[in-house]
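Written below as structure tokens is the structure these notes are about.
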Amino acid sequence: MRGNVLLKRSPSIRYRLVGNEGVVVRQDTAEVIAVNDVGARFLELVPADDGARTFESVRDALLMEYDVDKDVLERDLDAFARALTEAGVLETVEP
Amino acid sequence: MTSLAVNFGARYLVEPARFPNACVGTRWGTGALALDVAGERFCIRGLSARQEQTLRQLWPRFETTDPSTRVRIDVFRAEASSFQRIDVRNWGYDLDIDHREDAVRMVGLDFMADVRLGPPMNGAFWTSAEKPRAFHGAFENFFRLLTAYSLLERKGVLFHSAAVVGDDGSARLFVGQSGAGKSTVSKLARASERLVLSDDLNSVLVGASGTVHVAGSPFFGELGARIAGSYPLAGIYRLKKAASERVQPMSPAETIASLLSCSPFVNRDPHRAEALWKNLATLAERVPGAVLSFRRHADFWPLLREGEAS
């Protein structure tokens with residue numbers, strides 16, 4: 001995923017934090033996924049409603065918070081973001 | 001007008017715009033029946049003698065003479081010509097549901113229904129069905145939804161699940177998508193002479209004392225005791241078929257996610273999202289959740305007891 005791609009949470013999903021994990025619900029289909037602490041933090045950093053944020057901005061914020069190799073994080077986040085986009089949880093806007 | 005509002009009822013009704021605007025109509029008869037399901041008392045009125053007999057034969061152990069009915073359902077006639085003729089062979093049945101802030105409307109095979117959420121909750125059920133099999137099918141589809149909403153209001157949830165009572169008198173709830181093994185677990189339980197409350201839909205409630213319990217269910221697939229009564233809930237298990245038995249604890253988030261996907265009717269209602277979340281979070285706090293990996297013919301109960309004791 002290119003760094004300047006804008007991400008936002010789909011309006012059709014509801015997201016809640018439970019402890020340091022997250023629960024994501026697609027309201028229209030009642031599909032549900034649970035995400036771990038990093039996934040939860042990623043989703044917290046991606047705006048819902050009217051906002052959007054670049055992929056690289058979210059990545060950089062997580063790099064500040066987690067002691068992890070940049071390339072590993074980028075690769076994992078890329079896969080995660082693509083999966084969430086395919087599942088209808090995230091929307092992307094090409095710049 | 002949203003596309004949902006425009007399409008509501010179109011699959012089942014010849015003229016969807018003629019869905020009743022108010023809970024009125026011509027009753028089938030003067031028959032009436034009171035049912036106690038998971039502690040809620042429903043009064044069903046306006047039945048024909050035949051319809052009344054169908055429900056009495058279906059759910060005799062849920063009948064009640066308690067006069068303190070909270071939910072009233074009026075049964076009205078609908079013309080058969082109101083409904084589309086549908087070839088149900090190889091057909092996946094899915095109700096048309098219109099979610100509103102203070103009501104929920106539904107249309108299915110041979111029926112329409114309007115539930116005003118109140119309080120108090122009351123409903124109207126219009127059907128063209130009087131013969132036992134057709135009426136049973138139509139009414140039960142409606143009654144399942146009504147029970148789900150009633151439970152939600154009382155800090156409970158209706159789950160697609162199997163519920164089995166162990167030797168210790170406590171129930172375990174087994175959840176999972178279609179094919180996960182709810183029927184298998186139920187059959188294994190029956191073979192080992194354990195009580196299967198239902199292999200399909202179970203009511204879970206938090207009592208006044210804070211104890212979580214499973215109530216006897218009138219709804220089942222192939223197996224169900226169809227008894228009233230209530231059993232403390234000792235564990236929630238998400239099913240997974242595997243080569244060997246294993247119990248792996250779930251985090252509260254995983255437990256809530258597992259339960260949310262198995263909470264039919266209300267989990268798609270955006271107006272009920274907060275209430276459902278709150279009830280599920282309470283359940284996840286009070287009852288441990290785990291993934292149960294199991295084989296078809298194995299006895300996993302010792303593993304459950306071991307996990308619950310630790």
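If the requirement is being on the phi < 0 side of the Ramachandran plot, crowded, with 24+ Cβ neighbours inside 10 Å and touching a Gly at 6+ places or on another chain (Cβ under 8 Å), which of these qualifies: B:204, B:157? Among B:204, B:157, only B:204 is on the phi < 0 side of the Ramachandran plot, crowded, with 24+ Cβ neighbours inside 10 Å and touching a Gly at 6+ places or on another chain (Cβ under 8 Å). Filtering segment A:11-32 down to residues that are of a type in the set (Gly, Ala, Ser) and either in a strand (DSSP E or B) or over 17 Å from residue B:280 (Cβ atoms) (or both), which residue is farthest from the other protein chains (Cβ to nearest Cβ)? Out of the qualifying residues, it is A:12. If we keep just the residues of segment B:211-262 that are hydroxyl-bearing (Ser, Thr, Tyr) and surrounded by fewer than 18 Cβ atoms within 10 Å (Cβ to Cβ), which is farthest from the chain's Cα centre (by Cα)? Of everything passing the filter in segment B:211-262, B:244 is farthest from the chain's Cα centre (by Cα).
Looking only at segment A:35-45, decide whether some residue is more than 14 Å from chain B (Cβ to nearest Cβ) and exposed (fewer than 13 other Cβ atoms within 10 Å of the Cβ). So far as segment A:35-45 goes, no, none of its residues is more than 14 Å from chain B (Cβ to nearest Cβ) and exposed (fewer than 13 other Cβ atoms within 10 Å of the Cβ).
Table: residues versus (1) in contact (Cβ under 8 Å) with a residue 40 or more places away in the chain; (2) hydroxyl-bearing (Ser, Thr, Tyr); (3) in a loop (DSSP other than H, G, I, E, B).
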| site | (1), (2), (3) |
| --- | --- |
| B:10 | yes, no, yes |
| B:17 | no, no, no |
| B:23 | yes, no, yes |
| B:43 | no, no, no |
| B:51 | yes, no, no |
| B:69 | no, yes, yes |
| B:75 | yes, no, no |
| B:81 | yes, yes, no |
| B:88 | no, no, yes |
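What single numbered condition from (1) within 17 Å of residue B:264 (Cα to Cα); (2) among the acidic types (Asp, Glu); (3) crowded, with 21+ Cβ neighbours inside 10 Å fails to hold for residue B:110? So the condition that residue B:110 fails would be (1). Applying the condition of being more than 14 Å from every other protein chain (Cβ to nearest Cβ) and of a type in the set (Ser, Thr, Tyr) to segment B:225-251 and asking which residue is farthest from residue B:191 (Cα to Cα) yields B:230. Across segment A:33-62, the qualifying residues are those that are among the β-branched types (Val, Ile, Thr) and not in a strand (DSSP E or B), and the one among them that is nearest to residue A:90 (Cα to Cα) is A:46. So is residue B:254 touching an Asp or Glu at 6+ places or on another chain (Cβ under 8 Å), more than 14 Å from chain A (Cβ to nearest Cβ), within 17 Å of residue B:176 (Cβ to Cβ) and of a type in the set (Asp, Glu) or not? For residue B:254, the condition - touching an Asp or Glu at 6+ places or on another chain (Cβ under 8 Å), more than 14 Å from chain A (Cβ to nearest Cβ), within 17 Å of residue B:176 (Cβ to Cβ) and of a type in the set (Asp, Glu) - is not met. Residues of segment B:113-129 that are buried (at least 19 other Cβ atoms within 10 Å of the Cβ) and of a type in the set (D, E, K, R): B:114 alone. I'd like to check something: does segment B:262-282 contain any residue that is within 14 Å of chain A (Cβ to nearest Cβ), assigned to a strand (DSSP E or B) and not small (Gly, Ala, Ser)? No; the residues of segment B:262-282 include none that is within 14 Å of chain A (Cβ to nearest Cβ), assigned to a strand (DSSP E or B) and not small (Gly, Ala, Ser).
Quick note: the coordinates plus some simple rules give every number you see, no bench work behind them. As the structure is a prediction and not an experimental result, all values here were calculated from the model. Note that each Cβ is placed from the backbone with ideal geometry, even for glycine, and that neighbours are counted across all protein chains shown.
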